[in-house]
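A short worksheet on the structure shown next.
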Amino acid sequence: MTGLPPQYRERTTPAGRLPAFPWDSLAGAKARAAAHPDGMIDLSIGTPVDGVFESARAGLAAASAVPGYPQTAGTPELRAAIAGAMERRHGVVGLSAERGVLPVVGTKEAIAWLPFLLGVGEGHTVVIPELSYPTYEVGARMAGARVVRADSLTQLGPSRPTLMYVNSPGNPSGRVLGVDHLRKVVSWARERGVIVVSDECYLGLDWELEAPSILDPRVCDGDFTGLLAVHSLSKAANLASYRAGWLCGDESLVQDLLALRRHAGLMVPGPIQSAMVASLDDDHSVDVQRGRYGRRRAVLRAAVEGAGFRVDDSDGGLYLWATRDGAAADGHATSDQPTTADSAETCRDLVDWFADRGILVAPGEFYGPKGVRHVRIGLTASDEAIEVAAGRLRSS
Ligand SMILES: Cc1ncc(COP(=O)(O)O)c(C=O)c1O
């Protein structure tokens, strides 16, 4: 329902099918963290804080005087740069720069519209991970499809969904899916004709376990049928503000999406396409950024564990997925005694515990019911802020 006067026809907008926007519910914890005498450190969101690399800025500037409309398909240079980087950085061979890659205006919009643009709607089922980036559910619901949360194929039984998301390294848990796991997903999906969308926006940020692409020949034997990989320059390349990403894989799916996105005007701005080429050609920048996050992760992880938390999964990506266990037999924990936590403690209690130390983290329930005992702690803060947060945790 909208707020229009009664003479306007009644309509049902997809907004009615969407879950509540969860971040609004963090306002109380934010105020609590902001009340810390030395200020708040925000580790609740995954937005980059380091400066944009010079290569990308130069690429942007080089095209800033071009007045014409950009191509939805991307310039030939951009498509070649994407295919080249997928091969060099992620070992994906055989991707057609001509027909197998498609730039998008950041991957959030691509994910939100993907089910609809692929013809997934009422009567269809979309499978998303138990703990997942909220936009998978949003996109499926906007299209009118049913959403099922599952991490294992056995959970799905004989069902035949239309589309299935995997995300490795995962948000929020940092779970990494190895070659064997992804191979099983691909073969299961091929048998049933299920499209697999692999969100790989944290690929390259794997710490403890290697995270392969779904298009890696060890996973799909060089056959991209029914497979789409989603890639972003927001994380490993530190370019979230530019809104730059791409889809790649199955050529028939990519070409269908291109045809629709051309009609809908979903095109990446020309100067951003130029910046993407420069960023994709600059492998050194992703090495530098990876080094930064790796160091921050080591400092924060030690401090989080030292404060009595257990870090689960978190083998890749930009977050620590933390909880407290070792519940006291008498269950009489206080918020100052992390090692004797009450077993009934929820993610909101943990958010408050961090907020009392001036640190804002995200409650795990934002990402699915299974997240109710965890918090997500971001690595996307400056070295100084990470040090201060670690210091507060050490003295807690
Ligand atoms: C799993 C996952 N996919 C996609 C995105 C969207 O990234 P962007 O729109 O910046 O490409 C995010 C952002 O946090 C994410 O965590």
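The values are calculated or read from the model by the stated rules, or taken from the named source; none is laboratory data. Quick caveat, the model's predicted, so the values are computed rather than measured. Heads up, the Cβs are rebuilt from the backbone with ideal geometry, glycines too, and the neighbour counts pull from every protein chain shown. The protein model used for the area step is the full one, side chains on, heavy atoms only, and it has no ligands, DNA or RNA in it. Shrake-Rupley method; radii C 1.70, N 1.55, O 1.52, S 1.80 Å.
What to note about this one:
- Count of the range 222-272 residues, restricted to those that are assigned to a helix (DSSP H, G or I), surrounded by 22 or more Cβ atoms within 10 Å (Cβ to Cβ) and within 15 Å of the ligand (Cβ to nearest atom), is 2.
- Some residue of the range 99-115 being over 22 Å from residue 242 (Cβ atoms) and not basic (Lys, Arg): yes
- Residue check for residue 122: open to solvent by 10 Å² or more (accessible area, probe 1.4 Å) and within 16 Å of the ligand (Cβ to nearest atom): no
- Qualifying residue in the range 203-215 (condition: under 21 Å from residue 172 (Cβ atoms), aliphatic (A, V, I, L, M), within 16 Å of the ligand (Cβ to nearest atom) and assigned to a helix (DSSP H, G or I)): no
- Helices (runs of 4 or more DSSP H) (entirely within the range 1-117) containing at least 1 residues that are modelled with pLDDT of 95 or more, open to solvent by less than 80 Å² (accessible area, probe 1.4 Å) and over 24 Å from residue 134 (Cα atoms): 27-34, 54-62, 76-90
- Filtered residue count, the range 156-199, keeping only those that are within 16 Å of the ligand (Cβ to nearest atom) and either in a loop (DSSP other than H, G, I, E, B) or touching a Lys or Arg at 6+ places or on another chain (Cβ under 7 Å) (or both): 10
- Inter-residue pairs, beta-carbon under 6 Å, first in contact (Cβ under 8 Å) with a residue 40 or more places away in the chain and in the range 162-184, second within 15 Å of the ligand (Cβ to nearest atom) and polar (S, T, N, Q), 6+ apart: 166/198; 174/314; 176/168
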